[in-house]
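Notes follow once the structure below has been shown.
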There are 2 protein chains.
Amino acid sequence: MRILLVGAGGTLGSAVRQALVARGHEVIGVGRSGGDLVADVTDPQALARLYTEAGPLDAVAVAAGDAVFRPLGELTADDFMTTFRGKALSQLELVRQGARHVAPTGSFTLVSGIVAEEPILAGAAASAANGAVEAFVRAAAIELPPQRINAVSPTVVEESLPAYGPFFAGMEAVPADRVATAYVRSIEGAQTGQVYRVR
Amino acid sequence: MRILLVGAGGTLGSAVRQALVARGHEVIGVGRSGGDLVADVTDPQALARLYTEAGPLDAVAVAAGDAVFRPLGELTADDFMTTFRGKALSQLELVRQGARHVAPTGSFTLVSGIVAEEPILAGAAASAANGAVEAFVRAAAIELPPQRINAVSPTVVEESLPAYGPFFAGMEAVPADRVATAYVRSIEGAQTGQVYRVR
């Protein structure tokens, strides 16, 4: 398959790219500052250009998103908006525009995260954005067929512990290649509207 | 208790106001164009003025929110943004700012909706916004104590069937006064981080 992978250069994205290439897929990596294609996916117009540049696609997968982690009492209105744009609206817009570009039997694989169900201190904005992604996946799944849509919801990945470990005290980490397996399941499988939790 | 009720003049809000007044509470109703206080709660600056005008509060409850219902293929990027602002960001901001204005043992009661779990055609934007609200409630509940926060998630209410019935074909409606009971439970009870589903 020909797969557009957003965030292909990140910690998780690198593992997803590797897993997909190992399965014989062609991966077109998208990054904000590098990759096969460069785009700021939080900008709807940049997304339109991205899809034009990408050409025919069998699948779109997202392995990155930006969220502000800050105690609730210190979060600003802008932090909420930035997090919605960086983690939720960007992914919704990828699907909204992508439905016209992806093959009729193609799929979308979005990324949420454990904090949608299991909150952590300083994670309220991220929780909200992830909850939006998961509910959207369930809803879009009844309107997109024959295209499919799922989300992968990882806990913190081992390779990100230096940066995010302190936020996830006492929560088990998983290696990025285990999370990547869920992307393969979403893209090669036949289910839709699912949230694949990797814990 | 002294309770700020956003959307007090709406179908659900009227039932909530009635239930709270019947329990002996003082209700300060907020509407966009009428009520005890007038404010556009999607505007953070208007919210700041609202809290200043409202004075001391024991609870904040929301009984209204704006969402765009349109088939996924017809939704625009603006529809997503409008729905996030109207149903999710407005409520998050009510809590963010309200934490400084509500009594230490006070509470917040937000509103989500059945489409967070049970999608309907044309409801993808609303699903996303409601999913955000529910995940935020779970997250804020671990940072707000001793203040509490819950959400009420109604299915379609009987009194709204003329407007929304076609979207909820084959789904049972509930009378607004049953939904109002869940607000009483959230405000007078001791739980936090809950989503009270009224189905």
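May I ask you to list the residues in segment A:21-56 that are basic (Lys, Arg) and farther than 25 Å from A:PHE84 by Cβ?
Here is the first cut: in segment A:21-56, the residues basic (Lys, Arg) are A:23, A:32, A:49.
If the condition is that a residue be basic (Lys, Arg) and farther than 25 Å from A:PHE84 by Cβ, then A:ARG23 is the only one that fits.
Output the residue which, of all residues in segment B:96-122 that are hydrophobic (A, V, I, L, M, F, W, C) and surrounded by 24 or more Cβ atoms within 10 Å (Cβ to Cβ), is nearest to the other protein chains (Cβ to nearest Cβ). First the steps, then the outcome.
Of the residues in segment B:96-122, the ones hydrophobic (A, V, I, L, M, F, W, C) are B:99, B:102-103, B:108, B:110-111, B:114-116, B:120-122.
The next check asks that each one be surrounded by 24 or more Cβ atoms within 10 Å (Cβ to Cβ); those that pass are B:102, B:108, B:110-111, B:115-116.
Working: B:VAL102: 13, B:PHE108: 12, B:LEU110: 11, B:VAL111: 15, B:VAL115: 7, B:ALA116: 5 Å.
Taking the candidates together, the pick is B:ALA116.
Being more than 26 Å from B:ILE114 (Cα to Cα), open to solvent by 10 Å² or more (accessible area, probe 1.4 Å) and hydroxyl-bearing (Ser, Thr, Tyr) narrows it down to one of A:THR192, A:THR181, so name that one. Spell out the reasoning first.
Numbers: A:THR192 fails: more than 26 Å from B:ILE114 (Cα to Cα).
Exactly one residue qualifies, and that residue is A:THR181.
Look at segment A:36-57 and say how many of its residues are among the polar types (S, T, N, Q) and within 14 Å of chain B (Cβ to nearest Cβ).
Result for segment A:36-57: 2.
Please go through segment A:118-144 and give me each residue that is in contact (Cβ under 8 Å) with a residue 12 or more places away in the chain and among the charged types (D, E, K, R), ordered by number.
Within segment A:118-144, the subset in contact (Cβ under 8 Å) with a residue 12 or more places away in the chain is A:118, A:120-134, A:136-138, A:140-142, A:144.
Across segment A:118-144, the qualifying residues are A:GLU118, A:GLU134, A:ARG138.
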Self-check item: segment A:71-95: number of residues that are among the hydroxyl-bearing types (Ser, Thr, Tyr), under 30 Å from A:GLN147 (Cα atoms) and open to solvent by 20 Å² or more (accessible area, probe 1.4 Å)
Solution: 1
Exercise. Note down all Cβ pairs under 6 Å where the first residue falls in segment A:85-109 and is modelled with pLDDT of 95 or more, the second is basic (Lys, Arg), and they're at least six residues apart or on different chains.
Key: A:SER107/A:ARG148
Quiz item: If you go through segment B:43-55, how many residues are open to solvent by 40 Å² or more (accessible area, probe 1.4 Å) and in a loop (DSSP other than H, G, I, E, B)?
Solution: 1
Quiz item: When residues of segment A:65-108 are filtered for being touching a Lys or Arg at 6+ places or on another chain (Cβ under 9 Å) and over 30 Å from B:ALA99 (Cα atoms), how many remain?
Solution: 5
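Is it the case that some residue within segment B:58-65 is of a type in the set (Asp, Glu) and more than 10 Å from chain A (Cβ to nearest Cβ)?
Initial filter on segment B:58-65 (of a type in the set (Asp, Glu)): B:58.
Still in the list and also more than 10 Å from chain A (Cβ to nearest Cβ): B:58.
Yes, that holds for at least one residue.
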Exercise. Take the residues in segment A:123-171 that are more than 7 Å from chain B (Cβ to nearest Cβ) and among the hydroxyl-bearing types (Ser, Thr, Tyr), then tell me which one is farthest from the chain's Cα centre (by Cα).
Key: A:TYR164
Quiz prompt | For B:VAL68: the one exception among (1) within 11 Å of chain A (Cβ to nearest Cβ); (2) in contact with a Ser or Thr (Cβ under 6 Å, 6 or more places away or on another chain); (3) hydrophobic (A, V, I, L, M, F, W, C) | solution = (1)
Exercise. Quickly run through segment A:2-42 and pick out the residues that are assigned to a loop (DSSP other than H, G, I, E, B) and touching a Lys or Arg at 6+ places or on another chain (Cβ under 9 Å).
Key: A:GLY7, A:ALA8, A:GLY9, A:HIS25, A:ALA39, A:ASP40, A:VAL41, A:THR42
Practice problem: Could you tell me whether any residue of segment B:71-94 is more than 11 Å from chain A (Cβ to nearest Cβ), over 18 Å from the mean Cα position of the chain (by Cα) and more than 30 Å from A:PRO104 (Cα to Cα)? | Solution: no
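The values are calculated or read from the model by the stated rules, or taken from the named source; none is laboratory data. A quick note: this is a predicted structure, and the numbers were derived from the prediction, not measured. Because the Cβ atoms are built from the backbone with ideal geometry, glycine has one as well, and the counts that use them run over all protein chains shown. The protein model used for the area step is the full one, side chains on, heavy atoms only, and it has no ligands, DNA or RNA in it. Shrake-Rupley method; radii C 1.70, N 1.55, O 1.52, S 1.80 Å.
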